[in-house]
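See structure below.
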Amino acid sequence: MQYQSTRDKSINVSAAEAIKTGLSKEGGLFVPKEIPQIPLSQLRAFPKMSYNERAVAVLSNFLTDFSDEEIAECVNAAYSKEKFETDTIAPVYKLNDTHYFLELWHGPTCAFKDMALQILPHLLTKSIAKCNSTEECVILVATSGDTGKAALEGFKDVRGTRIFVFYPEKGVSEIQKLQMITQEGNNVGVAAVEGNFDDAQTGVKKIFTDEDYKSLLKANGFALSSANSINWGRLVPQIVYYFSAYADLVKNKEIEFGDKINFAVPTGNFGNILAGYYAMKMGLPVNKFICASNENNVLTEFINTGVYDRNRKFHTTISPSMDILVSSNLERLLFDITGTDDNKVAGYMAALMRDGKYEVSAADKEKIQSLFYAASCSDEETQKTIAAVHKQYAYVMDTHTAVAKNVCDQYIAETGDMTKTVIASTASPFKFNQSVLIALEGLASVAGKDEFALLDALSETSDMPIPASLSALKTKPKLFNIKCEKTQLKQVVSEFLQVE
Ligand SMILES: *Cc1c(COP(=O)(O)O)cnc(C)c1O
């Protein structure tokens, strides 16, 4: 199967090339030329299959230049007993007769980014080999929290790769910082940048566009690559768990085979929910996607009005992984909704660059609305939702998942639709322990507590065990104390790679 760019359909590449390059040269994103179908007859076999078998069955449709053995190697290296705290990888938890949580946070960093970043390094190294490149792959990441740690865990000790992560000195939580500076592995590096996330990101982007520096790296046998969420290799693994959740509902006799269900997804960059859209296009029976935002509700407005407008105040919320004003993966939905109209999409993206906004046609807006419902919720409502669900069901959600639950409730209140709904649960509540504890027990419950006292307190309140990877942070040696100014990122990378 070939892939094409969303901004220029004449650009065609293989899956391996799409994964290796990440972004098309004119700025477009790679999408499959046609969306493969999983016939119902094949889907019928899914309930009896393991997560890894389901993954091979889905991925082999997209990665046609990989053999089934190669795909299975990637899948088994990523979703293993050593890496995930549950055999089922992405278990479905039944809350009541209408709502189910698809728990995507049992991986090594306790957030759903693991679902993609555990497998991406393996897809990437195989892709590089298929493209006959011999350079060692250097991944540079600027992170506001979850992605950096998930990328470090995914790439650690993967042969043929090195990874360096920059995080803003002020701007990640204490636990996120601890997760990064205790990172083990023989090919990893971490540094704090003086400044905020934008400073770190701008610094990394500068390196990516520095042609002289890239030549120097190449002369030393290195090629830069990125692990960000527009890479097809990060999106495609996410399609799997939509099929897997459906198969589990059939297996547990919650639905009949062929019944349509809803998915509710806490959304930032539009990667997760878009993977669900592709699953539906492949044949998964879906009624509605519920797109949930926090106060940064640019997607809510877009889906409800057809106008995407990033010219607005940025809110720092208690669901920080959704604090995003430009949802990059939306471009792939626009391409599909417009009937793969690359000129139209290129025009929208140019307008977004120029004016910070664009508006889709009425017909396109209606198409989107027929499939997507969108709403948002404030921090206060998020906390109330965490408390209410805990009180009624003794189940504790993290802040991101709670946004989706709240928006689900809004959807039911508005539409009365009682279709069974799977809510994507994107992080362990322990990862956002402070906000979750405040929601459950009030502000006083966190006063004077350090990260580990917070973990203990949340464990007691929730009656859940602390994920082993988080409690282990207490005794892990701190391996990195590099701090740099925002103008010094290149020097830090050079020292890491020992190039002059
Ligand atoms: C990244 C992230 C999201 C948002 O996912 P997108 O694919 O960017 O829409 C939601 N919740 C958590 C915990 C995340 O880390």
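The values are calculated or read from the model by the stated rules, or taken from the named source; none is laboratory data. Remember, predicted model here, so these are calculated numbers, not experimental data. Here Cβ is always computed from backbone atoms with ideal geometry, including for glycine, and neighbour counts include all displayed protein chains.
Annotation: LEU117 fulfils all but one of (1) over 20 Å from VAL493 (Cα atoms); (2) more than 16 Å from the ligand (Cβ to nearest atom); the unmet one is (2). When we screen VAL286, VAL250, VAL236, VAL326 for residues that are crowded, with 24+ Cβ neighbours inside 10 Å and either of a type in the set (A, V, I, L, M) or more than 12 Å from the ligand (Cβ to nearest atom) (or both), the only hit is VAL236. GLU82 satisfies every condition listed in (1) surrounded by fewer than 17 Cβ atoms within 10 Å (Cβ to Cβ); (2) of a type in the set (Asp, Glu); (3) in contact (Cβ under 8 Å) with a residue 24 or more places away in the chain except (3).
Criterion applied to THR125, THR147 was being modelled with pLDDT under 95, of a type outside the set (Asp, Glu), within 21 Å of the chain's Cα centre (by Cα) and over 20 Å from GLY268 (Cβ atoms), and the one residue passing it is THR125.
Taking the condition of being out of contact with any Asp or Glu (no Cβ under 7 Å at 6 or more places or on another chain) and closer than 27 Å to ASP259 by Cβ, how many residues in segment 62-93 meet it? Going through segment 62-93 one residue at a time, the tally reaches 6.
Do any strands (runs of 3 or more DSSP E) entirely within segment 1-51 hold 2 or more residues that are touching a strand residue (DSSP E or B) at 6+ places or on another chain (Cβ under 7 Å) and surrounded by fewer than 21 Cβ atoms within 10 Å (Cβ to Cβ), and if so, which? Lay out the reasoning, then the answer.
Working: elements: 2-5, 8-14, 30-32.
Filter on segment 1-51 gives 8-14.
Which members of segment 297-323 meet the condition of being small (Gly, Ala, Ser) and within 15 Å of the ligand (Cβ to nearest atom)?
At the first step, the residues of segment 297-323 found to be small (Gly, Ala, Ser) are 306, 319, 321.
Scanning segment 297-323 gives SER319, SER321.
Quick one: would you say GLY107 is surrounded by 23 or more Cβ atoms within 10 Å (Cβ to Cβ), closer than 29 Å to ALA200 by Cβ and either modelled with pLDDT under 95 or touching a His at 6+ places or on another chain (Cβ under 6 Å) (or both)? When the stated conditions are applied, GLY107 does not pass them. Which of the residues belonging to segment 359-412 are under 21 Å from ASP97 (Cα atoms), assigned to a loop (DSSP other than H, G, I, E, B) and small (Gly, Ala, Ser)? Scanning segment 359-412 gives a single hit, ALA394.
Going through segment 196-229 one residue at a time, which ones are within 14 Å of THR143 (Cβ to Cβ) and of a type in the set (Lys, Arg)?
The answer is LYS205, and nothing else.
Set side by side, the residues THR415, THR419 differ, and just one is in contact (Cβ under 8 Å) with a residue 60 or more places away in the chain, farther than 24 Å from THR147 by Cβ and surrounded by fewer than 20 Cβ atoms within 10 Å (Cβ to Cβ), which is THR419.
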